[in-house]
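Student: A single structure is presented below for examination.
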Amino acid sequence: TQYSFKEVFGTLVVQKELFDVVAKPLVEDLIRGKNGLLFTYGVTGSGKTHTMTGSPGDGGLLPRCLAMIFNSIGPFQAKRFVFKLDDKNGVEVQSEVEALLERQRREALPTPKTPAGKRQLDPEFADMMDVQEQCRAEEVDEDNVYGVFVSYIEIYNNYIYDLLEEAPCDSIKPKWNSCNTPVRNGDFVPPQSKILREDQNHNMYVTGCTQVEVKSTEEAFEVFWRAGQKKRRIANTQLNRESSRSHSVFIIKLAQAPLDADGDNVLQEKEQITLSQLSLVDLAGSERTNRTKAEGNRLREAGNINQSLMTLRTCIEILRENQLYGTNKMVPYRDSKLTHLFKNYFDGEGKVRMIVCVNPKAEDYEESLQVMRFAEMTQEVEVARPMDRPLCGLTPGRRLRNQAFREELSRKLELRGGPVGAGPEEQSAAEQFFQSLPPLPSCELLDIDDDQTLPKLIEALEQRHKMRQNLVEELAKNVLAFKTMLQEFDSSVASKENYIQGKLAEKEKTITGQRTELERLEKKVKTLEYKIDILEKTATIYEEEKRNLQQELESKSQKLQRQASDKKRLEARLQGMVAETSLKWEKECERRVAAKQLEMQNKLWVKDEKLKQLKAIVTEPRAERPERPERPSREREREKPLPRSVSPSPAP
């Protein structure tokens with residue numbers, strides 16, 4: 001049996017090659033503001049969890065996705081609590097002051113959590129984070145700020161549980177005392193299952209799910225490993241020592257918003273925020289209970305796992321049928337929490353990728369065939385559609401210009417040792433004017449009879465007064481000339497405004513006409529598309545009827561050919577029978593004619609003898625009668641050749 005897929009990886013493939021082909025395009029789309037969904041699918045024990053998380057020294061898809069995200073947006077991240085997720089799957093932007101108050105309030109809590117970047121990593125998963133290749137996205141908008149939020153849930157027995165909740169998840173089973181009776185624990189509150197809801201954009205989300213803002217790859221993976229992976233339900237079965245008993249979903253949300261025109265702060269407009277998410281799903285493996293020897297809870301878990309995977313398969317099959325044949329069957333998303341959670345992905349809100357894990361064991365042959373048959377069928381389902389990002393209308397490159405301006409300002413401050421523009425070479429216009437006036441002589445009177453100092457001072461003051469009057473007159477002339485120039489400029493501006501307004505009115509009329517024409521053409525296009533759809537459906541119906549008629553014609557022509565050949569065979573058979581019968585009757589007629597002739601000759605001879613005897617009796621006396629001649633035997637007559645009369649031709 002042969003199956004075809006987009007890509008096939010061998011048993012010796014490294015995690016980086018798998019990541020580059022499958023997950024890297026999804027991370028690039030996430031940074032561009034698009035959603036993505038990645039499944040690992042296969043029978044139990046085929047390596048799905050290993051593909052997702054990796055092994056020490058070779059991280060899987062999840063740590064590599066986190067590393068690529070933070071390598072791409074690292075220098076452009078917003079401070080903590082600038083982005084704030086609400087309870088309705090939305091996001092808000094807070095100012096710097098509000099974010100600072102939020103941080104101070106969180107730090108004042110009784111049990112603050114130390115960020116992962118300030119302490120040494122746990123050696124249990126530190127090797128998985130050692131990704132040597134610095135993978136980055138090529139197209140990152142540097143005029144945006146980014147915030148990353150992670151959440152981790154599991155779907156167990158068709159119920160959704162939050163793995164990042166503080167309530168203990170392993171204490172569901174009651175404790176037993178020495179009398180084999182359960183002990184009452186009033187302090188224990190079992191974890192509550194979460195509810196799925198639909199937001200205003202018709203996207204499904206988990207109500208009340210814990211969403212943690214992370215600032216580094218290490219912090220995000222620590223949340224995944226220490227808080228979530230330790231609580232995930234696994235069990236020992238006959239086929240897998242650590243078999244996943246639930247579907248785990250690790251959700252990475254990326255919020256991004258543009259900077260303002262100055263490139264300093266985040267733009268405080270909710271319409272400009274883009275929230276995209278990447279869901280990494282580690283599906284529980286399908287299994288047969290007669291092989292796993294499951295009993296009790298394990299049997300119930302296996303039944304729910306197989307039921308949810310069967311619902312996923314049914315949804316994919318109906319989507320494929322709707323797309324191939326143009327039908328509009330209802331897709332049963334609500335039959336399982338797994339398909340209901342990702343309903344918007346199958347409706348076209350992002351790309352969906354599936355990694356099929358196959359175990360080469362001979363015992364898994366039948367299950368592997370079913371898995372590959374389903375996975376091959378899913379390739380025929382197209383669900384992706386483009387998403388429009390909001391346009392902010394601001395000039396690109398604001399962040400870099402702001403940084404360059406600040407660097408140049410700090411450099412000038414360092415060179416001058418004071419505020420910019422306070423140097424001796426940059427003087428005001430008043431200082432330049434006072435320096436252009438004639439210098440005042442010394443006003444010191446050393447003697448009572450000094451008659452030179454005052455006249456020199458009076459002469460200098462008179463010169464300054466004359467210069468001042470000349471400057472005032474020149475200023476008045478310049479002011480008048482400037483006023484006339486302003487009036488001329490105002491008149492020219494008014495005329496240009498009138499001209500521009502006239503042109504704008506003409507352009508608006510043209511644009512209005514073009515808009516009406518566009519609306520008319522759009523309506524016409526919609527009408528034509530509707531007609532084309534009807535014609536395509538009609539053509540499909542006619543083609544189906546044509547195929548049916550052609551098949552019927554071919555069957556009837558074959559039937560006629562068979563009848564003709566049967567007729568020919570019957571004619572040949574009848575001709576042979578007629579020839580054989582005619583030959584047989586000819587021989588029979590000849591035999592009968594010969595017998596009849598012999599019989600007639602015998603009768604004639606008997607009559608002749610009788611006549612001779614009568615003649616002899618009549619003519620001769622009784623005593624003189626001769627002895628009766630002996631009758632010739634038939635043997636002699638037969639030996640004697642008789643003249644054969646010509647037999648008449650046989651009757652037709």
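Student: Residue by residue, what Karplus-based ³J(HN,Hα) values in Hz, rounded to whole numbers, does the range 562-571 have, using 6.51, -1.76 and 1.60 with θ = phi - 60° and x for Gly and Pro?
Tutor: Values per residue, Gly and Pro as x: 4, 5, 5, 5, 4, 5, 4, 4, 5, 4 Hz.
Student: Ignoring ligands and nucleic acids, what accessible area does Glu517 show with a 1.4 Å probe (Å², nearest 10)?
Tutor: Here the residue's solvent-accessible area equals roughly 80 Å².
Student: A further question follows. Quote to one decimal, in nm, the extra length available between Lys612 and Glu544 on full extension: 0.36 nm per residue of separation minus the C-alpha distance between them.
Tutor: Fully extending the segment from Lys612 to Glu544 adds 14.5 nm.
Student: From the phi of every residue in the range 494-509, what ³J(HN,Hα) in whole Hz does the Karplus formula 6.51 cos²θ - 1.76 cosθ + 1.60 yield, where θ is phi - 60° and glycine or proline is x?
Tutor: Taking θ as phi minus 60°, the curve returns 5, 5, 5, 4, 4, 4, 5, 5, x, 4, 4, 4, 4, 4, 4, 4 Hz for the range 494-509.
Student: Additional query: Of Leu521, Gln463, Phe489, whose Cα points farthest to the positive end of the dipole of the range 463-569 (charges on the beta-carbon: +1 Lys, Arg; -1 Asp, Glu; origin at the Cα centre)?
Tutor: The one lying farthest along the dipole's positive direction is Leu521.
Student: Another question, then. Around Gly147, what is the net charge, scoring Lys/Arg as +1 and Asp/Glu as -1 over all other residues with Cβ under 10 Å from its Cβ?
Tutor: Neighbourhood net charge equals +4.
Student: Just the accessible area per residue of the range 463-569, please: how many Å² with a 1.4 Å probe?
Tutor: 95
Student: Of all accessible surface on the range 463-569 at a 1.4 Å probe, what whole percent is carbon and sulfur?
Tutor: C and S fraction of accessible area: 58 percent.
Student: Something else now. Keeping all protein chains in the complex and leaving out DNA, RNA and ligands, what accessible area do you get for Asp141 with a 1.4 Å probe, in Å² to the nearest 10?
Tutor: We get 70 Å² for Asp141.
Student: Ok, one more. Roughly how far apart, in whole Å, are the Cα centres of the range 15-34 and the range 564-592?
Tutor: Each part reduced to its Cα centre gives a spacing of 85 Å.
Student: Continuing with the same structure: With 30 Å as the limit, write out which pairs from Lys34/Lys79; Lys24/Lys215; Lys16/Lys361; Lys587/Lys612; Lys568/Lys596; Lys483/Lys507 have Cα-Cα distances beyond it, or answer none.
Tutor: Lys587/Lys612; Lys568/Lys596; Lys483/Lys507
Student: Of Thr538, Met577, Leu553, which is farthest on the positive side of the dipole of the range 520-598, counting Cα position, with +1 on Lys and Arg Cβ, -1 on Asp and Glu Cβ, and the Cα centre as origin?
Tutor: The residue sitting farthest along the positive end of the dipole is Met577.
Student: Could you state how much accessible area Lys587 has, in square angstrom rounded to the nearest 10, with a 1.4 Å probe and all protein chains kept in place?
Tutor: 130
Student: Suppose every K and R has +1 on its Cβ and every D and E has -1 on its Cβ; what is the size of the dipole of the range 545-626 about the Cα centre, in Debye to the nearest 20?
Tutor: My answer is approximately 120 debye.
Student: Could you work out the local net charge near Pro439, counting Lys and Arg as +1, Asp and Glu as -1, over the other residues with Cβ closer than 14 Å to its Cβ?
Tutor: Net charge in that neighbourhood comes out at +1.
The values are calculated or read from the model by the stated rules, or taken from the named source; none is laboratory data. Remember, it's a predicted structure, so these values are computed and weren't measured experimentally. Cβ: placed from backbone, ideal geometry, glycine included. Neighbour counts: every protein chain shown. Just the protein is used for accessible areas: all its heavy atoms, side chains included, with ligands, DNA and RNA removed. Shrake-Rupley method; radii C 1.70, N 1.55, O 1.52, S 1.80 Å.
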